[in-house]
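**Q** Submitted below is the structure of interest, expressed as structure tokens.
Here, each number is a calculation from the coordinates, and none is a lab measurement. Because the structure is a prediction, the values reported are computed rather than measured. Here the Cβ positions follow ideal geometry from the backbone for every residue, glycine too, while neighbour counts run over all protein chains shown.
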């Protein structure tokens, strides 16, 4: 199984014209004369599209094509204004590379990148608004795309999805794409061909076009694999074709319209000249690259002693990773900070449908809370109450502890007198405890802890309390 | 100046008259419009005439001139080939496909000439989408040669060539993909320059073959061509293939002697395809250049014969893609009541394009299709490099190359329309220059039985200055460029 | 090289052109003659010759990423054959 991903590059203007790329405008208001393929119009290449493509290439450890050339891909379709798409066929800007994809189990799955090339997006068709007619909106025409092609390295849907998530994460780290899949910023074509067990040769492949969410990729792969298996098992053969995934019916179906004459007659685009990049240009971009997810993940494991799993989750988005590092910088408790970000904070944000960038709790505020957990001022139970205060904007952790009176009793003297009180108040249980075997003692200890907690209104430090109780009961 | 003098004067002379106030721009424009009104019904050289607009522009020019403002070209009328997009003025490429196309923008060439103060009289006829050498494939009917109205003016810029020769205008624009400026200039007895590829912006010029197309001036003299090229040239950020290279002052050294200049004579340009009497005229012209002090040297352009096959793969291939945008969706001709999308495409294109255009689209599509790309298109691109290297080698031993612009004089209307291959041979001496991206100029070299012959000069890339200088010295020495056809109104 | 009417029809289909039955033989004959003409190139030795796509071997210039085009939909659609609510209309397309 191989994947082709179309990534919309987050430029202000189009790849070959000065029209805006903003999503969601009125039909055709962002399609200028160049985008419409008007007679006499000519393309001029957007510098940022080239820069972003190179950033991506360096990000996946690929070789950069120092000379790349645009070609015309010829076919007729109403959303393709010139009757050809300007793409790169013979000499792409990003050549072979190897991308390490973290899997949910913490292992790394290597994916071979075949190439990535720059091209222009097509427009959109609206099918149901006009009787017997299709409406064409060319606002999207000319939006820069990077088409990223892999070798057929995927064996499972899980690998494919992990790769896509990783690609998504890389693109947003680099800031080269907004990664908004619902708006089509990242679209995926899946090439599937089956290999019968025990053989080396793959069968005929089908291509599933434009699968626009991670979940749909997973489902589309599942249903298409099943469809191909059914055909092969019943003695049929697979037709090489382009198919469309229908999410509503959870099935793939043949796209007949794209099948009519697919001789694309690629040839070098004479309106554009070769892109020639020198080492200085590439080195300059390399120097400006941010730390990428793979390196960051390794560093988080190494420096902060995080688990593979936590590190993967934290680096998945640059915002989360930055939040974590800002908070840990103050809290000096990486593991605890990671737990809070991935646990309570993520949960609260999720409940309110908020993004981390909109979090009412800042990294500094969260760190203030974690400092108080680490120094035993707060039990985990109390900490949750303080977090609630932080979420509601009641001030810093210390201010909330003060205001709500949530300080944990850790002072040995104070604890001792609480324990003494409880022991004194429950002589029967003390007798039972002293006579009991180890298992029963454990159970009774829980009773005493509960009583002390009750007396302390929950503020007794549970670890200290345990030790103290044992010592006093055993000696009593 | 008398109306007769007006219609034969050069832009340089007219500019002097405007500055001396012996004539106004409005008077000049009116005189040109009057010639057009009188001669165009026969010649059919202009297909759009912007009379009112031209007078308005001339009035504005007179205001500038009265104040002593404006440039050399302020108030000088011109005609544009109908391949240049002109804002709010129909731009048809002489095709049914664009019969009603009115662009909301100007080509860079048009806006530069407008900014220089020229007066746009209208648009000229051409072969449909510039595909032809006779201006007979126009949807508006053929243009006739003012020297003999039973002959073609050449093409594809035949409308401009005929208009300049017949006195409609001192200046006109053309485009040249394989000889479309030089061959009609030769057949109509005017001066036509195809600049180096990249010298003049292609933005706003309806594309035929993108790696070959180049716009240039069509004038009565080399000096006028220099004047016009000055305005047309220069980097255009809107055209990726326009060259970021200094534009010299083309008139500065125009009069410098050419003694010691080496002029290469390719023997391949004097082969059996050249009409012997034309060869004799060209030889006579070369003798004049020798008398000017130039040294004639023999050179070889061994791949000359491959020019035609190379060109007739590359140009149609690029054209096949360039013309895909004419699909009846966003602009241009749309067939009546299409039954489905494919019907819309096929009928709009089949009804909107003429035969020669369709023929070239077919050839180009074929040359690019699976299984033929390497044998045709790639092969042609390789031979293109060999042709280009031939010129590079030749320019190691000479400064300018000279030869005929066309294999004969103007031929009879309809004599080559049924045989596309005979028509293709018209460009045998010009299209290699496009393949190599070099500048070339055709200048009048005398008459044969009353029909003009053109001398072609080919220069090094971006060295139009030397070409213009040789052409200007030739025109100082000879008076071939002063010959004018008898007005067609009295020419039966 | 011999070109058949079927060859011509398949190229015409790629180019979205229709050829009338009555004209097919004529078109095929002329098309074939042009192919014979261009086939002369096969005799040229081009071993190791780099294909030339553009004169002068210049390289691409880059444009700063800035929005420079205003919305000009009305002006641009004035020449369109069929438009509604800002959409270009074509006969229904079935995917």
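**Q** What does the helix-only formula give at 222 nm for chain A: each DSSP H stretch with n ≥ 4 adding -39500 (n - 2.57), the total divided by the residues, and the result rounded to the nearest 500 deg cm²/dmol?
**A** Mean residue ellipticity at 222 nm (helix-derived): -12500 deg cm²/dmol.
**Q** Give me the number: length gained by fully extending residue A:364 to residue A:346, i.e. 0.36 nm times residue separation minus the C-alpha to C-alpha distance, one decimal in nm.
**A** 4.9 nm
**Q** I would also like to ask the following. On average, how much area does the Cα convex hull of the range A:2-284 cover when viewed from any direction, in nm²?
**A** Taking a quarter of the hull surface, the average projection is 16.6 nm².
**Q** Right, something else. So what is Rg over Rh here for chain B, counting just Cα atoms and using Kirkwood for Rh?
**A** When Rh is taken as the Kirkwood radius, the ratio is 0.95.
**Q** Separate question: Out of all DSSP beta bridges in chain B, what portion is antiparallel? Express it as a percent rounded to 5.
**A** The antiparallel fraction comes to roughly 70 percent.
**Q** Would you calculate a helix-derived [θ] at 222 nm for chain C, using -39,500 (n - 2.57) for each DSSP H run of n ≥ 4 and dividing by the full residue count, to the nearest 500?
**A** Per the formula, -9500 deg cm²/dmol.
**Q** Based on alpha-carbon centroids, what's the gap between the range A:154-230 and the range B:173-193 in Å, whole number please?
**A** 57 Å
**Q** To continue, here is another question. What percentages, rounded to whole numbers, describe P(r) for the range A:306-367 computed over all alpha carbon pairs with 5 Å bin width beginning at zero?
**A** Histogram of Cα-Cα distances, whole percents per bin: 4, 20, 34, 28, 12, 2.
**Q** Can you tell me what percent of all Cα-Cα pairs in the range B:114-270 are more than 18 Å apart?
**A** Of all Cα-Cα pairs in the range B:114-270, 60 percent lie more than 18 Å apart.
**Q** Could I ask something else about it? How much length is gained if the chain between residue A:291 and residue A:374 is pulled fully straight, taking 0.36 nm per residue apart and subtracting their Cα-Cα distance, in nm to one decimal?
**A** 27.0 nm
**Q** Would you mind estimating how fast the protein assembly as shown diffuses translationally, via Stokes-Einstein at 37 °C and 0.692 mPa s with the Kirkwood radius over Cα pairs, in µm²/s?
**A** D, rounded to a whole number, is 99 µm²/s.
**Q** Sticking with this structure for a sec: Output needed for the range A:53-168: three equivalent-ellipsoid semi-axes, defined as square roots of 5 times the C-alpha gyration tensor eigenvalues, in descending order, whole Å.
**A** Equivalent ellipsoid of the range A:53-168: 32, 20, 11 Å, largest first.
**Q** Still on this structure: Average projected area of the Cα convex hull of the range A:412-475, in nm²?
**A** In nm², the orientation-averaged hull projection of the range A:412-475 is 3.8.
**Q** How many angstrom separate the Cα center of the range A:286-303 from the Cα center of the range A:337-392?
**A** Taking the Cα centre of each part, the range A:286-303 and the range A:337-392 sit 25 Å apart.
**Q** Let me check against my output: what whole-number percent is the relative contact order of chain A, with C-alpha pairs under 8 Å and at least 6 apart?
**A** 13 percent
**Q** Could you grab the Rg to Rh ratio for the range A:84-231? Cα atoms only, Kirkwood for Rh.
**A** 0.99
**Q** Once R0 is set to 41 Å, what does the formula 1/(1 + (r/R0)^6) return for the Cβ-Cβ distance between residue C:71 and residue A:239, expressed as a FRET efficiency to the nearest 0.05?
**A** Between residue C:71 and residue A:239 the formula returns 0.40.
**Q** What's the FRET efficiency of residue A:202 with residue B:397 using the Cβ-Cβ distance as r and R₀ = 56 Å, to the nearest 0.05?
**A** The pair residue A:202/residue B:397 has a calculated efficiency of 0.40.
**Q** Please give the helix A:412-425 orientation as an angle from the longest Cα principal axis of chain A, in degrees from 0 to 90, rounded to the nearest 10.
**A** 60 degrees
**Q** Further question on the same structure: Just the Cα atoms of the range A:30-71: what Rg and Dmax do they give in Å?
**A** For the range A:30-71, the Cα radius of gyration and maximum Cα-Cα distance read 14.1, 41 Å.
**Q** Let me ask something else. With Kirkwood's inverse mean 1/r over C-alpha pairs for Rh, give me the Rg to Rh ratio of the range B:393-465, two decimals please.
**A** With Rh from the inverse mean 1/r over Cα pairs, Rg/Rh is 1.03.
**Q** In nm, to one decimal, how far is the modelled label at residue A:23 from the one at residue A:178, with both set 7 Å along Cα→Cβ?
**A** Each label point lies 7 Å from its Cα, and together they span 0.6 nm.
**Q** When DSSP beta bridges are limited to those with both residues in chain A, what percentage is antiparallel, rounded to the nearest 5?
**A** DSSP beta bridges in chain A are roughly 90 percent antiparallel.
**Q** Moving to a separate point now. Between the range C:27-85 and the range B:404-434, how many Å separate their Cα centres?
**A** Measuring centre to centre over Cα atoms gives 24 Å.
**Q** Work out the FRET efficiency for residue C:59 and residue A:399 from their Cβ-Cβ distance, taking R0 = 51 Å, and round it to the nearest 0.05.
**A** So the FRET efficiency works out to roughly 0.25.
**Q** To continue, here is another question. Residues of the range B:19-56 with backbone nitrogen within less than 16 Å of a virtual label 7 Å along the Cα-to-Cβ line of residue B:88, please, listed as ranges.
**A** B:49-56
**Q** With viscosity set to 1.306 mPa s and temperature to 10 °C, compute the Stokes-Einstein D of the range B:84-152, Rh being the Kirkwood radius across alpha carbon pairs; µm²/s, no decimals.
**A** 121 µm²/s
**Q** Need one number: nm distance between label points at residue A:253 and residue B:449, each 7 Å from Cα along Cα→Cβ, rounded to one decimal.
**A** 7.1 nm
**Q** Whole-Å semi-axes of the range B:149-206's equivalent ellipsoid, largest first, each the root of 5 times a Cα gyration tensor eigenvalue?
**A** Calculated on Cα positions only, the semi-axes equal 20, 12, 10 Å.
**Q** Mean 1/r over all different Cα pairs, inverted: what Kirkwood radius does the range B:33-111 give, in Å?
**A** 14.2 Å
**Q** Let me ask something else about it. Per the helix-only calculation at 222 nm, which mean residue ellipticity applies to chain B, given -39500 (n - 2.57) for every DSSP H run of n ≥ 4 and division by its residues, nearest 500 deg cm²/dmol?
**A** It comes out at -11000 deg cm²/dmol, rounded to the nearest 500.
**Q** Sticking with this one: So if the hydrodynamic radius of the range B:280-415 is defined as the Kirkwood radius over C-alpha pairs, what does Stokes-Einstein give as its diffusion coefficient at 20 °C and 1.002 mPa s, in µm² per second?
**A** Estimated diffusion coefficient is 114 µm²/s.
**Q** Which order do A:73, A:457 fall in if you start with the one that has the fewest other Cβ atoms within 10 Å?
**A** The order, fewest Cβ neighbours first, is A:457, A:73.
**Q** Points 7 angstrom from Cα along the Cβ direction at residue B:374 and residue C:9: gap in nanometres?
**A** About 3.0 nm separates the two model spin labels.
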